[in-house]
1. Expected output is a single nm value to one decimal: the length gained when fully extending between Lys16 and Phe163, i.e. 0.36 nm times separation in residues minus the C-alpha distance. What is it?
2. Based on DSSP H runs of at least 4 residues, each adding -39500 (n - 2.57), what is the mean residue ellipticity at 222 nm of the chain after dividing by all its residues, to the nearest 500 deg cm²/dmol?
3. Considering only DSSP beta bridges with both partners in the chain, what is the antiparallel share in %, to the nearest 5?
4. What's the center-to-center distance, using Cα atoms, between the range 5-28 and the range 332-356 in Å?
5. Net charge within 11 Å of Pro281 by Cβ-Cβ distance, Lys/Arg positive one each and Asp/Glu negative one each, not counting Pro281 itself?
6. Mind sorting Asp214, Asp121 by how few other Cβ atoms lie within 10 Å of their own Cβ, fewest first?
7. Counting only DSSP beta bridges with both residues in the range 5-214, tell me the antiparallel percent, nearest 5.
8. Among Gly14, Gly186, Gly56, which one moves the most in a GNM of the chain with springs linking Cα atoms closer than 10 Å?
Amino acid sequence: MTNGEIWVFCEQCGGKPDSTAAELLSEGRRLADDLGARLCGVLLGDGVASLAAELGAYGADEVLLCEHPLLREYTTDAYCSVLCKLAQARQPEILLMGATHIGRDLAARCAARLHTGLCADCTHLDVSMPKYLEYLRQNSTLDVDGGTWDLQDRSLKMTRPAFGGHLMATIICPNFRPCMATVRPGVMKKAPKDAARAAAVAVTPVPVDLAPADLRTTVLETVHTVRAAVDLTQAEYLVAVGRGIARDVENGLRLAGELADALGGTVVGSRAAVDAGWLPPERQIGQTGKTVRPRVYIALGISGAIQHQIGMQDSGCIIAVNTNRQAPMMELADYGICGDLFSVVPLLTEALQQARQPR
């Protein structure tokens, strides 16, 4: 699978690119370099040509620009029709999408129409043989070479949590193209912008054949609500609370908030904290919540189930406060503090406040 095309669906809303576009282009660039393939950003919308240079800055060799008034607002019928017709014409090897509300809806419909497989919510993508298979081949008597895997196969290996997050499964799509995967926002690391690539990116306008009769739904109105929310996938400092604050939730949230304020960060939580109603769903970290990679992640009273770890294990520095020395989060953490969070957190907050005072 070399010298083909790797596509990234570059989601945009209101003429602004979604953060997943840069993340997937950065990852697509790595895959394209490994395969000797061409990386294409696929941009659908109306009046969005100005975004092409930004997509090039994150690694795209070419931007396939599909503009039409009926693409201004997302509808499944319009976007699926345009994207599938284009894929059938150019036959990409790989098609990546963000696991956003739009990406999840569009990816499933496109996979069905293109008669190919789709691996959802991937946490890792590669085109080389998984390391554990190489290890088995070299260190085991198991007949790896004669098994299901072709060790010379360069098709996309898509890794995602399985069995409730207790296992990580690597999945391939050997017989159909394109290989399709959705990736959750914040999972892939965004590369720095490259001005030279931005200037050199090729923009290919694609004719779009759409009529109102082709669409079964019509967007009558878009209502934007304003809420004080932070993009957790871009946050540098996060303080997470779990079941450990259950004995005094109000005080626990207050202490976490004070610690977050001292850091210049945000309070988030585990699924248990969200299910209990202590925090809103948009603050949930983990397999069924957000995936983040802050500079510092402080876990307060979180045991560290694999479902939670999936959402924060790539953080720069992990600090855990827990009364259970054997908790999985204490094993994952760079620094583990074995103690009562109601006693430890005020000390951490005070130390940070003093460190920030001018001398």
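Just so you know, all these numbers are worked out from the coordinates, no wet-lab data involved. For clarity, every value in this text was computed on a predicted model and none was experimentally measured. Note: ideal-geometry Cβ built from the backbone for every residue, glycine included; neighbour counts use all protein chains shown.
1. This chain segment gains 49.3 nm when fully extended.
2. Per the formula, -9000 deg cm²/dmol.
3. Taking every DSSP beta bridge with both residues in the chain, the antiparallel ones total about 20 percent.
4. Each part reduced to its Cα centre gives a spacing of 38 Å.
5. Working: positive: Arg271, Arg283, Lys290; negative: Asp275, Glu282.
Spelling it out: positives minus negatives among the neighbours equals +1.
6. Asp214, Asp121
7. Numbers: 10 of 36 bridges.
Here the share of antiparallel DSSP bridges comes out near 30 percent.
8. Gly14
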